[in-house]
Amino acid sequence: MRTRTIFISVLLILSAAFYVACDTGITGDLNPNQPPRTFLTVNEINLPEGERLVSQVTISWWGDDPDGYIVGYEFRIGDDPGEPWTFTTNTDSTFVLPIEEGDQDADVRFTVRAVDNDGAVDPDPASLVFPIRNSPPSISFKTNETPPDTTYRVFSFGFEATDPDGDANLNRIEIALNDSTDWFELDVNISFVTFRVDDTVEPATAQLFLGRALNTTQATFDSINLDEVNEFYIRAVDNAGAISPVVVHEWFIKRQTSRILFLNDFEGSASNSRAELHLGLLSELGFTEVDYLNISDGQATGGRRVPFTNALHDRSLAEPTINLMMAEWDHIYWMSNNLDRNIGYAIEYTTRFFNEGGTMFINIPTKNVPSDNPIFQFLPFQQMEQLPSGQQSFYIASGSEIMANEEVLTDPPTLVFRRNLLSYYPLIPFGETVELFEANFQTRAPITGQISDFDGSKLISSTNPEENILYFGIDLTEFTEGSDLVRLLEITCIETLGFQQ
């Protein structure tokens, strides 16, 4: 019992002491906040005589606070004490140190100070002078983003500028057309430009568009050389005013003289003579001025599509460049000898042409083409007829005539086949195909050579319901000399497609 009484007495004494302490508080003076300290990872820079750093440098630092913790850092570039500090929580960063424009070398001071949790800053910041030397930038054309040897009104250039001191040191791009003393400045972020020539005025002018979106500018160039070689100059300038070597591209610009573009896509030694045949027929119809482009380079082998022609900008520039170029004409006359040639790419670069009301005549012989070929997304029929089982080929007899759809065509031409044909295939129309001409297709047995009637489609020419694409699937040289080819083109090109000079 006595032990319990002693324990309770001790508790009462301790409780009384606690209440007295709470009532009187803790006395004494608080220690003042100690400022943080700052350290650069590199304390000095020792380089061989004459050597300097590039202007893009990576700098790192750290801080220590004796009575708290670091919340961030403030840095300043240069010797000006009035220059504001920049706050960061990073402990390293990459900087492009400034060099005065026109100077090559500079000694640039970098200063950094730590900030603690009470807002105190290091009164003695860490500082280091960086001896730097500016290097000139460079610029080059991007692969496949320059004009071909010859263009008409539209041409584009893609390019890329770099700087050894860091791309942040690039200041601007400068371009010129045929006059390397008259430079036009572009923002450093621009890497693609397009020009559209107005050759209806004297002197001809070229409007500048920026980027693949063809953003319009008010800039025009009046130094275009029509029907002559032209030169496009480009260079890069950095923040110190250093200029890259000038890069030049030369090509020929033809004056556009017509509303009709003639595309010669006929491969082989007969290319020129076939083009002359078609151009002669157009001339008889009054189209004496026709713009001409030869796209018959490259070979289509093994049933594979020909590589994209070198006569146009690269296929990667179908949009925007080739689309913009094609829309300069109201009508296109496309002549070829193989469906595996450039017609397979047409859907990629004629969107603007058709959206602006363009019409196209296509004369390419029919052949056996797989149903998944991309041409069927473009041409006005859904696929080719396939041969019946046991038959060697389709057959068109010498002396037979083309048959016209009299519900659509009035006063059709007389077209007579001059020889037996075994390589042509009938077209299968889709629901809204406008059928124009048929041939008397039959089939030929492989061993006996027996000729049999064919009950399927005999279509060889059609147009889409909008009547802006017309396909004629027989080579014009397959008709006899007395056949009325002029009337054929009058119906197809003028009466149906609305061709005008």
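Computed from the coordinates by the stated procedures, all read-outs in this text should not be read as laboratory data. No experiment lies behind these values; they were computed from the predicted model shown. Reconstructed Cβ throughout: ideal geometry from the backbone, glycine too, with neighbour counts over all protein chains shown.
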Spatial separation of Cα centroids for segment 33-96 and segment 260-310, in angstrom: 68
Evaluated over the chain, the Cα radius of gyration and Dmax, each in Å: 39.4, 145
In order through segment 147-154: 3J(HN,Hα) via Karplus (6.51 cos²θ - 1.76 cosθ + 1.60), integer Hz, x for Gly, Pro: x, x, 4, 9, 9, 9, 7, 10
³J(HN,Hα), Karplus 6.51/-1.76/1.60, whole Hz, each residue of segment 264-269, x for Gly, Pro: 8, 10, 8, 7, x, 5
Cα→Cβ-extended label distance, 7 Å offset, between Glu83 and Asp105, nm: 2.0
Whichever lysines have a C-alpha closer than 22 Å to that of Lys367, once near sequence neighbours (fewer than 8 apart) are set aside: Lys458
Distant-in-sequence amide H partners of Leu53 (H built 1.01 Å from N, under 5 Å): Ile132, Arg133
Sorted peptide list for 424-431, 142-149, criterion being average Cβ within 10 angstrom, highest first: 424-431, 142-149
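Highest first, please rank the peptides 327-337, 71-81, 168-178 by the mean number of other Cβ atoms sitting within 10 Å of their residues.
With the highest mean Cβ count within 10 Å placed first, the list reads 327-337, 168-178, 71-81.
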Positive dipole terminus of the chain, leading residue within Ser462, Val121, Tyr395 (C-beta point charges): Tyr395
Burial order of peptide ranges 452-465, 38-51 (average beta-carbon count within 10 Å, highest first): 452-465, 38-51
In degrees, nearest ten, helix 271-284 long axis to first principal axis of the chain (Cα): 70
Placed amide H near Phe430: partners under 5 Å, 5+ positions off or other chain: Gln382
Overall form of segment 86-131 per C-alpha gyration tensor (a/c, 1.5; a/b vs b/c): prolate
Mean ellipticity per residue at 222 nm, deg cm²/dmol - from DSSP H runs of n ≥ 4 across the chain, formula -39500 (n - 2.57): -3000 deg cm²/dmol
5 angstrom amide H check on Met360, placed H, neighbours 5+ away: Ile332, Ile469, Leu470
Dipole of the chain, positive direction: furthest Cα of Leu30, Ile347, Phe192, with charges on the beta-carbon: Ile347
Estimated vicinal HN-Hα couplings, Hz - segment 366-375 in sequence order (Karplus 6.51, -1.76, 1.60; Gly, Pro = x): 5, 7, 6, 10, x, 5, 8, 5, x, 5
With eigenvalues of the C-alpha gyration tensor scaled by 5 and rooted, segment 37-133, Å: 27, 14, 10
